[in-house]
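What follows is one structure encoded as structure tokens, with my remarks underneath.
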Amino acid sequence: MNFKNKKYRWIISAIALIVIRIVLGFFPQVVETLYSRGLFLGIRWLIDNTTARLPFPMLYVMVTILGFLLIKKSYEWSKLYQKRALNTEAILLPIANFLSITIILFLTLWGFNYARQPLEKQLNLNIQTLDLKQIIKETKWATNEINLARNKIPNADTNALTIDFLPLNLEDTMRQLLVNVLKQHNYPTVGNMRGRLIYPKGFLMRLGASGIYLPWIGEGQVDGALTPAQLPFVMAHELAHGYGFGDEGSCNFWGYLACLASENPMIRYAGKLAYWRYIAAEYKYYQPEIYEVFRAENLSRGVFNDLDDMYTNSDKYPPIIPFQNQAYDTYLKFQGVEEGIESYSRMVLLVRAWKK
């Protein structure tokens, strides 16, 4: 490869930016100051005052553009093939350039946030791992919390909760709750971050995600198929990504605090239920049989039905991409998240430290 050739400029630029990202990973305070609380705020403001004002998700636009580019390039390749001019470089170079531009935009528009100062350091949280005894104790506490929270929802019976218990504009509600919480903890909240509901139902779930933040369009996406008891927390989680947090555990933490800050009993319950699911999963991992007995004896009928509604709904949209968990785990570790996909459950440690 002749690196002086302009046709390789995107590849060279992407490699250079990756090297810069790796180096800056050793200087999180620099990233926090210059990017997360500097350049990124300008990017956030620009997106939220342009494309974010559109009445439809930019995801649809992005998919359309990608489809058009794929058709266009396939047509060009077919023409070259007919002329017997199609070679390895003609195929691989456009692909490499496209991937390079994708990486450049990813890092520039949002990706450097993975290297920012850890949340627990900025909030002075003392993170401590839990032994089995502490996991059981925390699960019991969380179980009592969700039972009480469920009982405080006005006019709710033991059937699975419906969308009627949530505010009409959940996106605006969860954004304001999250913004208030971030401001209380001295984080900037420039812009008007969007959390779009995506249809058809199950589109994201079949890709292995209930929600996703896409840096290239600067919007959070939440699957429209999620149950009402899931929506508030997932919405807040994706909004937190948009305000500059890459780590999944951190976004879970902010989602939990945003839900707890609400005066709506249903939203508060949704946040507590999300937390319970993470700590209960830890309990189940170590003592599955004992956990099942505990679950059956201690969950209220209303909570049990909400969980059953989630699992039944999830079964309607099984993932269609093989090994997506392994791929995402690799991606997170490459971004410097040592726990990989397990970082989601790091929320438990953050919340427990925050409570103390």
task: Provide the FRET efficiency to the nearest 0.05 for the I20-A90 pair, computing r from the beta carbons and using R0 = 41 Å.
output: 0.85
- request: Report the residue, chosen from V30, V19, V190, that carries the largest GNM mean-square fluctuation when the chain is represented by alpha-carbon nodes joined by springs under 10 Å.
  value: V19
task: Could you check how many percent of all C-alpha pairs in the chain are farther apart than 27 Å?
output: 52 percent
Helical mean residue ellipticity (222 nm; -39500 (n - 2.57) per DSSP H run of 4+; nearest 500) of the chain: -19000 deg cm²/dmol
field: Sequence-distant lysines (8 or more away, or on other chains) whose Cα lies within less than 28 Å of K73
entry: K4, K6, K7, K83
query: What does the highest-first list of 9-17, 177-185 look like by mean Cβ count within 10 Å?
result: 177-185, 9-17
task: Provide the gained length on full extension for the span T158 to N97, in nm with one decimal, where the gain is 0.36 nm per separating residue minus the Cα-Cα distance.
output: 16.4 nm
task: Enter the mean projected area of the convex hull around the alpha-carbon atoms of region 144-239, in nm², rounded to one decimal.
output: 7.8 nm²
query: Based on the Kirkwood radius over alpha-carbon pairs, what is the Stokes-Einstein translational diffusion coefficient of region 6-115 at 25 °C with 0.890 mPa s viscosity, in µm²/s?
result: 148 µm²/s
field: Segment R301-L148, length gained on full extension (0.36 nm per residue, minus Cα span)
entry: 53.9 nm
statement: Magnitude of the Cβ-charge dipole (Lys and Arg +1, Asp and Glu -1) of region 6-115 about the Cα centre, nearest 20 debye, reported as 440 debye
- prompt: Taking Cα atoms, how many degrees apart are the long axis of helix 132-151 and the longest axis of the chain, rounded to 10 and kept between 0 and 90?
  reply: 80 degrees
message: Spelling out what I want: for every residue of region 181-194, take phi, set θ = phi - 60°, compute 6.51 cos²θ - 1.76 cosθ + 1.60 (Karplus), and round to whole Hz; glycine and proline get x.
response: 5, 5, 5, 4, 9, 6, 9, x, 9, 5, x, 10, 3, 9
Selection from I290, Q230, G302 lying farthest towards where the dipole of the chain points positive, charges on Cβ: Q230
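We did not get these values from a lab; they are worked out from the coordinates using the rules stated. The model shown is predicted, which means the values in this text are computed figures rather than measured ones. Methodologically, a virtual Cβ is constructed for each residue, glycine included, from the backbone with ideal geometry; neighbour enumeration extends over all protein chains shown.
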